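> I am attaching a structure below and will ask some questions about it afterwards.
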Amino acid sequence: MNDHEVPAGPEGPQGPGGPDGSAPLTVLGAGVPRLEGWDKTEGSARYAAEWTPPGCAYGRPVPATVARGRITGIDATDALAMEGALAVLTHENAPRITEPDDATLDVLQDEWVPHRGWHVALAVAETPETAQAMAEAVRIEYAEEPHDVRIHDDHPGLYQPDEANGGAAGATSRGDVESELAAAHHTVDVLYAIPPLHNHPMEPHAATAEWTEGPEGARLVAHDSSQGATPVRDTLAALFSLDTARVTVVSEHVGGGFGNKGTPRPHVVLAAMASRHTGRPVKVVLPRRHLPFVTGHRAPTLQRVRLGADAEGRLTAVDHDVVTHTSTVKEFVEQAAVPARTMYASTASRTRHRVAALDVPTPSWMRAPGEAPGMYALEAAMDELAVELGMDPIELRLRNEPDVEPQTGKPFSSRRLADCLREGARLFGWADRDPRPGVRRSGDLLIGTGVAASTYPALLAPSTATAEARDDGTFHVRINATDIGTGARTVLAQVAAEALGVGPQAVRIDIGNSDLPDAPLAGGSSGTASWGWAVHAACTELRTSGSSVATVDTTADVQAREDYARHAFGAVFAEVQADTVTGEVRTRRLLGVFAAGRILNARLARSQFLGGMTMGLGMALTEHSSIDRATGGFVETDLASYHVPSCADVPEQFEAHWLAEEDPHLTPVGGKGIGEIGIVGTAAAFTNALHHATGVRHRTLPHTPDRVG
Ligand code: MOS
């Protein structure tokens, strides 16, 4: 990575304050370093697994070794005979919980095993080593049933869901796609496939729970690695029939999540059960090998895209059909056909999801659910159409810019996709590109460039926040926001400082604890916008009201917003080399240009964009999971076999730029959210570049040597 690369934020990476400290870094947009950066560097920042209350015991889950069936016998004799053994929780003795809305949390309640890796017991001991040894010594017998873990596009279980993830309609239709396709001058009809993908945050899921009984009843405190302590608190309160005031969940520092910490996960339920059962604080740290089975995955998708265009390249038909799987535990439908409802003008359009409930672990959110896989297929298909038309792929996209959001007819609050494409083309040197595929050779290498568009919705949720003026002239802002490594804490301090008219050093910000004012989770790239509005409003009210404390709730403000289609847009450019001997594809250059409203911290924004694009690089070239049809389990369950891009995988020339975008229809703070858009479109840019390099269309991700060679 090029650290001297200056992102095209209007002020550069340091913002108006400058890197030399010549002026105070007070203004929103400045590249203020992470407030907790030093704490993380020296190790004093504590993550969920690092809370060890006096008397803490350790829990180790036991994963099911069958893909579908019923527990018929449990023998914990050997495990319980170990020195330091405290308990083995199973469905026979675990505390009963209220049936959860999210059935993935309904652990140790009955003998049914819905998929391999489902937690069927929890060993509890004085030390983590003993708990692990116990977990391995628990003998469980099953009555196995035949399982089905393979999705395909004529699977008999396929049905059309009413809703896909995020509340998106399962299907949409506008105009007559079939007749437009039949009449089109040019058509593309292609199938793309993406395997299951795993989030694999650096910090595996962990929780320490402490259940105490007092004169006022039970009280539960949990330190959990989560993207939102408020929803975890509410869930635990419901499961254990406690008043929310009797439950506290702390998620002060979180080592990433990418969506798989966006909902409560079974480990925190197990920790709470074990603490209640043993009367001790109990810590449950999931080994990485458990993550793929119980914390979600990006479901595999088979996507058929049909495009029709007139002689000038204007789209007459867009048809996006998505086939995916969910589990028998709960319905989660990766909403991959959704971005096609927003991207391009067309005479007719149809989008559809079909899903089958298989005996697989339950899929869930992974960075840009829907947009990441859906824009892979749509943007690769657009490239195929451009080749079919003999037209530059940027020109094709510019020609199909819509005046309003195609599916809804709503005006865009702002849309600078065309500017992103043009600015990216300028920075990348696109004008010099020879469009012919397979003609740039350097020794054994074939070299090519590709482009794809990117988009992500600007989502928003209501939040509360409190601001307080202290006698010493400082200000104390309190909100249960979560910083999953993005720098949210820092940005919120900047928002507060600007609203108060003070420097960030005068602001103390408390986040990551459910006893703080309620706030939505860090997800859907909506955190900073949602929390930022509440912090801005609380600080503004404090400054203008003259009182010493101000508390706000943005629910009414959020509901009163005018009806616009709000989305961030971007353009990603990639240059790749394909080794004609080994089949290895490597990145030579990667560039993203984004328009995402006001950028609130140049340094952190750059990291978010580059991080997202790196994840897109992984999706394109290295990351894949496979489900073993014999065992029903994921094969790649560690970071050796599931290859997340490392520093050696990213190119020297790796840049994120952004355009200034004033959008009056967002929030008073002005950002659209940037956590997810970087991954969107990136895999398509690589795929299109790989075609340009080799002249061969590779439509199944990732482009590993065994496929490309
Ligand atoms: Mo993100 S997948 O919405 O946490």
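> T347 fails exactly one of the following numbered conditions: (1) among the β-branched types (V, I, T); (2) closer than 28 Å to G675 by Cα; (3) more than 16 Å from the ligand (Cβ to nearest atom). What is the number of that condition?
For T347, the failing item is (2).
> Next question. Does any residue of the range 431-439 turn out to be part of a helix (DSSP H, G or I), in the same structural domain as G611 (by TED's automatic domain parsing) and either more than 16 Å from the ligand (Cβ to nearest atom) or at pLDDT 95 or above (or both)?
Within the range 431-439 (the criterion being part of a helix (DSSP H, G or I), in the same structural domain as G611 (by TED's automatic domain parsing) and either more than 16 Å from the ligand (Cβ to nearest atom) or at pLDDT 95 or above (or both)), the answer is yes, since at least one residue qualifies.
> Among the residues of the range 176-203 satisfying the criterion of being within 16 Å of the ligand (Cβ to nearest atom) and surrounded by 15 or more Cβ atoms within 10 Å (Cβ to Cβ), which is farthest from A309 (Cα to Cα)?
Kept after step one, since they are within 16 Å of the ligand (Cβ to nearest atom), are these residues of the range 176-203: 194, 196-203.
Now restrict to residues that are surrounded by 15 or more Cβ atoms within 10 Å (Cβ to Cβ): 194, 196-201, 203.
On the way: I194: 26, P196: 32, L197: 33, H198: 36, N199: 37, H200: 40, P201: 42, E203: 47 Å.
Checking each candidate, the answer is E203.
> Might you let me know whether the range 624-646 holds any residue that is surrounded by fewer than 24 Cβ atoms within 10 Å (Cβ to Cβ) and basic (K, R)?
Yes.
> Go through the range 289-342 and give me each residue that's over 25 Å from A103 (Cα atoms), hydrophobic (A, V, I, L, M, F, W, C) and crowded, with 24+ Cβ neighbours inside 10 Å.
Here is the first cut: in the range 289-342, the residues over 25 Å from A103 (Cα atoms) are 302-321, 337-342.
Of the ones still in play, those that are also hydrophobic (A, V, I, L, M, F, W, C) are 302, 305, 307, 309, 311, 315, 317-318, 337-338, 340.
Within the range 289-342, V305, L307, A309, L315, A317, V318, A337, V338, A340 meet the criteria.
> Okay, next question. So which residues in the range 650-709 are under 21 Å from the mean Cα position of the chain (by Cα) and surrounded by fewer than 18 Cβ atoms within 10 Å (Cβ to Cβ)?
V650
> Let me ask something additional. Determine whether the range 656-679 contains at least one residue that is among the acidic types (D, E) and within 16 Å of the ligand (Cβ to nearest atom).
yes
> If we only count helices (runs of 4 or more DSSP H) wholly inside the range 595-709, which ones have 2 or more residues that are in contact with a helix residue (DSSP H, G or I) (Cβ under 6 Å, 6 or more places away or on another chain)?
Counting at least 2 such residues, we get 602-621, 682-694.
> If I filter the range 637-653 for residues that are of a type in the set (G, A, S) and either in contact with an Asp or Glu (Cβ under 8 Å, 6 or more places away or on another chain) or within 16 Å of the ligand (Cβ to nearest atom) (or both), do I get at least one hit?
No, that holds for no residue.
> Just to verify a result, which residue in the range 562-594, among those that are assigned to a loop (DSSP other than H, G, I, E, B) and either over 22 Å from the mean Cα position of the chain (by Cα) or of a type outside the set (K, R) (or both), is surrounded by the most Cβ atoms within 10 Å (Cβ to Cβ)?
Step one: filter the range 562-594 for residues assigned to a loop (DSSP other than H, G, I, E, B), giving 562-564, 566, 580-584.
Checking the rest, the ones that are also either over 22 Å from the mean Cα position of the chain (by Cα) or of a type outside the set (K, R) (or both) come to 562-564, 580-584.
Values: E562: 9, D563: 10, Y564: 19, T580: 16, V581: 10, T582: 11, G583: 14, E584: 16.
Going through the qualifying residues, I end up with Y564.
> Name the single residue, out of those in the range 440-455 being in a loop (DSSP other than H, G, I, E, B) and on the phi < 0 side of the Ramachandran plot, that is surrounded by the most Cβ atoms within 10 Å (Cβ to Cβ).
So, considering only residues that are in a loop (DSSP other than H, G, I, E, B) and on the phi < 0 side of the Ramachandran plot, the one surrounded by the most Cβ atoms within 10 Å (Cβ to Cβ) is R440.
> Looking at T482 and the list (1) within 26 Å of R397 (Cβ to Cβ); (2) buried (at least 24 other Cβ atoms within 10 Å of the Cβ); (3) within 16 Å of the ligand (Cβ to nearest atom), which single condition is not satisfied?
With respect to (1) within 26 Å of R397 (Cβ to Cβ); (2) buried (at least 24 other Cβ atoms within 10 Å of the Cβ); (3) within 16 Å of the ligand (Cβ to nearest atom), T482 is out only on (1).
> Within the range 201-244, which residues are part of a strand (DSSP E or B), over 30 Å from L639 (Cβ atoms) and not hydroxyl-bearing (S, T, Y)?
E210, W211, E213, G214, G217, A218, R219, L220, V221
> Next question, about the same structure. Condition first: in a helix (DSSP H, G or I), under 20 Å from the mean Cα position of the chain (by Cα) and within 16 Å of the ligand (Cβ to nearest atom). Can you find one or more residues in the range 261-281 that meet it?
No, because not a single residue in the range 261-281 is in a helix (DSSP H, G or I), under 20 Å from the mean Cα position of the chain (by Cα) and within 16 Å of the ligand (Cβ to nearest atom).
> Please go through (1) outside any loop (DSSP other than H, G, I, E, B); (2) out of contact with any Lys or Arg (no Cβ under 6 Å at 6 or more places or on another chain); (3) surrounded by fewer than 19 Cβ atoms within 10 Å (Cβ to Cβ) for H476 and return the number of the only condition it doesn't satisfy.
Every listed condition holds for H476 apart from (2).
> With respect to S275, is the statement that it is surrounded by 24 or more Cβ atoms within 10 Å (Cβ to Cβ) and not acidic (D, E) true?
yes
> Among the residues of the range 75-88, which ones are surrounded by fewer than 20 Cβ atoms within 10 Å (Cβ to Cβ) and in contact (Cβ under 8 Å) with a residue 12 or more places away in the chain?
D75, D78, L80, M82, E83, G84
> Still on this structure, please answer the following. Quick check: anything in the range 348-357 crowded, with 20+ Cβ neighbours inside 10 Å and closer than 28 Å to V708 by Cα?
Within the range 348-357, not a single residue is crowded, with 20+ Cβ neighbours inside 10 Å and closer than 28 Å to V708 by Cα.
> Only one of A467, A458 is aliphatic (A, V, I, L, M), within 16 Å of the ligand (Cβ to nearest atom), crowded, with 20+ Cβ neighbours inside 10 Å and closer than 28 Å to V495 by Cβ. Can you tell me which?
The unique qualifying residue is A458.
Listed here are the residues, each with its yes/no results for (1) within 16 Å of the ligand (Cβ to nearest atom); (2) in a loop (DSSP other than H, G, I, E, B); (3) more than 30 Å from D243 (Cα to Cα).
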| residue | (1), (2), (3) |
| --- | --- |
| A496 | no, no, yes |
| A499 | no, no, yes |
| V502 | no, yes, yes |
| D518 | no, yes, no |
| A522 | yes, yes, no |
| A529 | yes, no, no |
| V535 | no, no, no |
| L542 | no, no, yes |
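> Can you confirm whether L421 is surrounded by fewer than 24 Cβ atoms within 10 Å (Cβ to Cβ) and aliphatic (A, V, I, L, M)?
Considered against the rule, which asks whether it is surrounded by fewer than 24 Cβ atoms within 10 Å (Cβ to Cβ) and aliphatic (A, V, I, L, M), L421 comes out as no.
> Right, here's the next one. Of everything in the range 229-245, what is touching an Asp or Glu at 6+ places or on another chain (Cβ under 8 Å) and either of a type in the set (K, R) or within 16 Å of the ligand (Cβ to nearest atom) (or both)? Give them in sequence order.
Scanning the range 229-245 gives T230, V232.
The values are calculated or read from the model by the stated rules, or taken from the named source; none is laboratory data. Owing to the predicted nature of the structure, the values given are computational and were not obtained by experimental measurement. Reconstructed Cβ throughout: ideal geometry from the backbone, glycine too, with neighbour counts over all protein chains shown.
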